[in-house]
Amino acid sequence: MMSGDGRHFIVIEGPIGVGKTSLASRLAETYGCDALLEAAEENPFLERFYQEPDAAAFATQMHFLVQRSRQLDQLQQQRLFSTRLVADFLFSKDRLFAELNLGSDELRLYNAVYARLAMHAPRPDLVVYLEAPVEVLMARVRKRARPQEQTLSSDYLQRVSDAYKAFFYRYDDAPVLIIDAASINPLDSDADYRAVLDALGQPFVGRRYFNPLPLAIN
């Protein structure tokens, strides 16, 4: 099945708990293509980061950066042999967490390594940005009960959500479809999922708000 107007590389993005991995997996199944998925559970520092953010932030972020580099190699190989791919993360967003969590010296070192590893990540043909209020995100995080996330605070999740919103409401390297994931459920509702598929099949440039009207950015 084709994803409208020749979009071969689709990225699903959004803050922790918003449902991006589940939607990316379902889309890949629908399109009959590969899914390139974030593997946060493989980061051995993540649980400690949520408990002691200052002590574990740099190790956590560097592990993710090296992991992203390996996934980038995987992506380049997949694009040689397949015509379509759905991912649940955007490579250039990795710096968002670094800027949020690292001190100035750590960030300087991170940026030096990032510049060598991640400069040649391909641009997606479409980014689907899922957003939801923090209370919804927290409820979903608690429901999925991943051990490393059980000490995640609502304050931190609010900071992450705000950073995501600022990033993707200004992102202009690819068209962005913004979806309020609190008001529809494309994972459990076939009608909502079909509506998302229809939206993905409609050509547009810039940003499009699927539902509801966009929230203001301060």
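Sort 13-19, 150-156 by packing, meaning the average of other beta carbons within 10 Å per residue, with the highest value first. Intermediate values should be presented prior to the final figure.
Numbers: 13-19: 23.0, 150-156: 13.9.
Ranked from most to least packed, the peptides come out as 13-19, 150-156.
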- Query: In whole angstrom, how far apart do the alpha carbon centroids of segment 136-200 and segment 7-68 sit?
  - Reply: 13
- Using only Cα positions of the chain, each an equal point scatterer, no hydration layer, compute I(q)/I(0) via Debye at q = 0.10 Å⁻¹ and quote the log10 values to two decimals. -0.43
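Which values, in whole Å and largest first, are the semi-axes of the equivalent ellipsoid of segment 7-129 obtained as the square root of 5 times each eigenvalue of the Cα gyration tensor? Let's see the in-between values first.
Working: eigenvalues 141, 53, 27 Å².
After diagonalising the Cα gyration tensor, the semi-axes are 27, 16, 12 Å.
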- Item | For residue 121, distant residues with modelled amide H under 5 Å away | none
- Per residue convex hull volume, Cα only, segment 41-93, in Å³ is 87
- Task: Taking H placed 1.01 Å from N in the peptide plane, check which residues at least 5 places from residue 102 or on another chain put their amide H under 5 Å from its amide H.
- Result: none
- For segment 93-218: relative contact order, % (alpha-carbon pairs under 8 angstrom, 6 or more apart): 28
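When each pair of different Cα atoms in segment 1-68 is counted once in the 1/r mean, what is the Kirkwood radius in angstroms, to one decimal? Intermediate values should be presented prior to the final figure.
Values: mean 1/r = 0.0716 Å⁻¹.
It works out to 14.0 Å.
If I take every Cα pair under 8 Å that is 6 or more residues apart in the chain, average their sequence separation and divide by the length, what percent do I get for the relative contact order?
Numbers: 292 pairs, mean separation 63.5, N = 218.
This gives 29 percent for the chain.
At a 10 angstrom cut-off on C-beta neighbours, averaged per residue, how do the peptides 84-91, 65-72 rank from highest to lowest? Spell out each step's value before the answer.
Numbers: 84-91: 23.0, 65-72: 16.6.
Order by mean packing, descending: 84-91, 65-72.
Quick note: the coordinates plus some simple rules give every number you see, no bench work behind them. As the structure is a prediction and not an experimental result, all values here were calculated from the model. Cβ: placed from backbone, ideal geometry, glycine included. Neighbour counts: every protein chain shown.
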